[in-house]
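This report refers to the structure that appears directly beneath it.
What follows draws every value from the coordinates through simple rules; no lab data is involved. Bear in mind that the values here come from a model prediction, so they are computed numbers and not experimental data. Counting neighbours? That spans all protein chains shown, and the Cβs are built from the backbone with ideal geometry, glycine included.
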2 protein chains.
Amino acid sequence: MTERRERVVVVGAGLAGSLAALHLARRGYEVRVHERRPDPRSALAGPGGRSINLGLSARGMRALDGVGLLDDVLKQSVPMRGRVVHSPDGTVRFQPYGVREHEILHSVLREELISRVVDAAEAEPGVRFHFGSRMVHLDRETATVRVAPTGGGEPAMVRADLVVGADGVFSAVRQQMQHGLRADYAQEFLPWGYKELTIPVGDDGRPRVRLEALHVWPGHEGLMVAHPNRDGSLTCSLFMAHEGPVSFAALDTPTAVVDFFRRHFPDAEDLMPDLARQVADHPVGHLVTVRTAPWRHADRVVLIGDAAHAVYPFYGQGMNSAFEDCAVLDRCLAEHPDRASALAAFEAARKPHTDVLADLSAANFEDLRGRVHRLGYTIAAAADRTLARLLPGRWVPLYAMVAHTTAPYADALARADRQDRILRGAGAGLVLAAALAATTLRAGRRRSAGR
Amino acid sequence: MTERRERVVVVGAGLAGSLAALHLARRGYEVRVHERRPDPRSALAGPGGRSINLGLSARGMRALDGVGLLDDVLKQSVPMRGRVVHSPDGTVRFQPYGVREHEILHSVLREELISRVVDAAEAEPGVRFHFGSRMVHLDRETATVRVAPTGGGEPAMVRADLVVGADGVFSAVRQQMQHGLRADYAQEFLPWGYKELTIPVGDDGRPRVRLEALHVWPGHEGLMVAHPNRDGSLTCSLFMAHEGPVSFAALDTPTAVVDFFRRHFPDAEDLMPDLARQVADHPVGHLVTVRTAPWRHADRVVLIGDAAHAVYPFYGQGMNSAFEDCAVLDRCLAEHPDRASALAAFEAARKPHTDVLADLSAANFEDLRGRVHRLGYTIAAAADRTLARLLPGRWVPLYAMVAHTTAPYADALARADRQDRILRGAGAGLVLAAALAATTLRAGRRRSAGR
């Protein structure tokens, strides 16, 4: 009865790492989490002060529900019932996310959400979070990590049975796990970056735009999305090229900023009284896709979240797929008593789908750049929604499958492709029927004329 | 008149690095080459004793001709006039490489070729090769490298104006040039590896197989190619999966080796009297594709050869494209007095084509695995050769464009695609004509019957 509890070291206490820690603790492991940043719950956190918010959708909600945190999290969120598309000509159009009540997203603050999950994990016996503690080395053969205080100081060795790499897109665990092995790895940077900007609450204390929605300013040379906050403000992400004639590099004077907004997002300029200062002050972030394999080493190391599969943010699925990783890993550990098999099953269950998510996220970049405010897109989206209403459960638009269901991404894409073929077939049938009708009509006229 | 000569440090004295050193010396640079391995001309070189040979084709020949080394090199080579395909059923078929006299390849020994180029480079003023000297650090902002003796010893700093990374597929120059920048990088390992084996000269002192050809043993589960040597021996590369039921891992007993050869390459077993020992003793090499960008940093660092674009060996273009890099880089430096523009022009001129070469090399793996000994492939190849003979210069099979011309790879592929469409169109035309003829015939018969 005094069997030693196995120990897991989780590297990274972001979204993936903190939820994995909670799962693993409940599965009976002793869990240590090392995170190089300070505790998100302390005043120290985020001196940069960027409040990033994200859209929680079905996959993330299901994973949070699985650990009993969903209700708490939803209380802190703002529902988003659809997207409001702002066109350069000033048109503003609301597109509902789904056809049913539950088909909505929820805007959550990243640091607030992590804090909730960390609280829940710390409430479990045998869990310790070490903030300000950076992994400097991993020995993949002994599952031993060397950690050191971020501010400098003596490193320490931590021996584990399993190391979980949840340390993000430039994962040190991944690098050291794969070093010198036959590992596939691809990183691809978008030539565009992003800046966080804030639409403050109005002078009357009320939101300056419809709050319960994701706002989108599409555009070929720059695009912006805004998530709502509980206080009535919205956090925008402005996306544009790093360099070139229309780029962050070119927004180098207040005049350039204002000119850019007047041309591309005319109704947004007025929403941000201190726009030029915000653009000048805030840093530019990078956007990168990472695909890799393997995600694991024997029964000792496994990657989750961005460390295994980073995607562009344009489908809003980064957090949701990271949470889904945690739930699937937990299920695999439950189903396979042999941990090496569990980790293999986890990679096999996830990688085909996160690879598809990377493709979908890149494709949605193009949609947001141009297609969402084109007539064809609107008609196709409306047709999709109409069919979904007429054929409940039998016709599900791709976006709805990704955001409002937990169907694996590749399965969602395959089904959407089938639906597309049906629509195209119907279109072709329509054209043929019209041609036939026209011919028949003409023949009828000729017959009448002949009489 | 005492203007300081600009200094280049070339990292790596392989095929790309040694030829680049020669070019750069002739362009007036002071050149230092650091290579971690020993001098290939010394007895120290290759204690592993692997004699790797390669097929020199048009691109490589043109580059060598440009520096006046071609005649020398060809004297040391064995011409390969086509491929001899050995099928598992014992059939042996010769497929000529081209339709014209010059459309042949030349089998050269890698180390011998490098030695010739190093000799030529060292004959230039201001060139020094430092063998056994490893680059340990690159400062991309000052073009300063730290080098250290491979066997251990004091490191030294070398300040340069330009650093050329010719240090192969796992290039340290590339890593340090791109570190922390927005660089795209992808490495992909084939699940197959390779082993070098030797077909010794026969007991009668004569070659055991037709010498002036590349020998190919295609196969779905394992394949082998052999290049001829001047002494009448041939060097084989045996390719198969690293792991699995049919794999290097499974060839773990002499019986397993002999059984494998009897089943897959029945006529090859007799060519290698010490086959089982060779398989047991020789190491397994990895096969990897690398694509990356950028290839350069300002006017100070540039990548060439495998460091910029590693490909699978199945099109026999690794050396040839590395040599082509050197010639193109030299031309760009001649045409652009501003070196940053020259390096940018070099990358723009090469990357689209080496990316295509990576695709072609992966596709040729599939051809070698299965298609070369299928009837359809043979017919298509014969049709291609016939058209090439009938339409000289106007119809060129893809393989011939890649191997026997210096048309950029992407242009070669585009032209081959056009030719394919014409062949498919002709095929479709043939089918329609046949159908029409059959219909006419039947109608004619009906008319006759009706009389």
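Stretching the chain fully between A:HIS179 and A:ASP89 yields a gain of 27.2 nm (0.36 nm per residue, less the alpha carbon separation). Annotation: extensible slack from B:GLU335 through B:ARG421 equals 27.2 nm (criterion: 0.36 nm per residue apart, minus Cα-Cα distance). Just to be sure I understand the curve: with the Debye formula and one point per C-alpha of the protein assembly as shown, what is log10 I(q)/I(0) at q = 0.05, 0.06 Å⁻¹? So the normalised log intensities are -0.38, -0.55.
Backbone N atoms of segment A:275-308 closer than 19 Å to the 7 Å Cα→Cβ label point of A:ARG37 belong to residues A:282-290, A:304-308. When the alpha carbon gyration tensor of segment B:181-339 is reduced to an equivalent ellipsoid, its three semi-axes come out at 38, 21, 11 angstrom, largest first.
For segment B:192-281, the pair-distance distribution built from all alpha carbon pairs, in bins 5 Å wide starting at 0, is 3, 15, 26, 27, 17, 8, 4, 0 percent. Of all DSSP bridge pairs formed entirely within the protein assembly as shown, close to 75 percent run antiparallel.
When the helix-only estimate is applied to chain B (DSSP H runs of n ≥ 4, each -39,500 (n - 2.57), divided by the residue count), what is the mean residue ellipticity at 222 nm, nearest 500 deg cm²/dmol? Could you put the intermediate results ahead of the total?
Values: 12 runs with 179 residues, N = 451.
Mean residue ellipticity at 222 nm (helix-derived): -13000 deg cm²/dmol.
Across all Cα pairs in segment A:5-133, the calculated P(r) in 10 Å bins from zero up to the longest distance comes to 12, 36, 29, 15, 7, 1, 0 percent per bin.
Reported to the nearest whole Å, the Cα centre-to-centre distance from segment A:205-284 to segment B:386-410 is 53.
Our estimate of slack between B:GLU154 and B:ARG206, defined as 0.36 nm per intervening residue step minus the Cα-Cα distance, is 13.6 nm.
For chain A, what is the percent of antiparallel DSSP beta bridges, rounded to the nearest 5?
Rounded to the nearest five, the antiparallel share is 70 percent.
Each of B:ASP65 and A:THR144 was given a label point 7 Å from its Cα along the Cα-to-Cβ line. The distance between the two points is 6.0 nm. Each copy carries a label point for A:ARG262 at 7 Å from Cα toward Cβ; from one copy, the others' points are 8.7 nm away, ordered from shortest.
Taking amide H atoms as placed 1.01 Å from N in the peptide plane, the amide H of B:VAL301 lies under 5 Å from those of B:VAL163, each 5 or more residues away in sequence or on another chain. For segment B:212-363, the Cβ-based charge dipole about the Cα centre amounts to some 420 debye (Lys, Arg positive; Asp, Glu negative; other atoms uncharged).
Got a sec? Charge dipole of segment B:45-153, +1 on Cβ for Lys and Arg, -1 for Asp and Glu; which of B:VAL67, B:HIS106, B:ALA120 is way out at the positive end? Highest projection toward the positive end goes to B:HIS106.
With bins 10 Å wide beginning at 0, the percent of Cα pairs of chain A falling in each bin runs 4, 19, 28, 24, 15, 6, 3, 1, 1, 0, 0.
Based on alpha-carbon centroids, what's the gap between segment A:67-145 and segment B:101-125 in Å, whole number please? Segment A:67-145 and segment B:101-125 have Cα centres spaced 60 Å from each other.
So what's Rg/Rh here for segment B:149-213, counting alpha carbon atoms and using the Kirkwood radius for Rh?
Numbers: Rg = 21.6 Å, Rh = 17.7 Å.
Result for segment B:149-213 is an Rg/Rh of 1.22.
Order these peptides, A:232-240, B:300-308, A:56-64, by their mean beta-carbon neighbour count within 10 angstrom, highest first. Please report the intermediate quantities before stating the final value.
Values: A:232-240: 21.9, B:300-308: 28.7, A:56-64: 24.2.
Per-residue mean Cβ counts within 10 Å order the peptides as B:300-308, A:56-64, A:232-240.
Using per-residue counts of other Cβ atoms within 10 Å, averaged over each peptide, order A:344-354, A:81-91 from highest down.
On the way: A:344-354: 18.6, A:81-91: 16.2.
Going from most to least packed, we get A:344-354, A:81-91.
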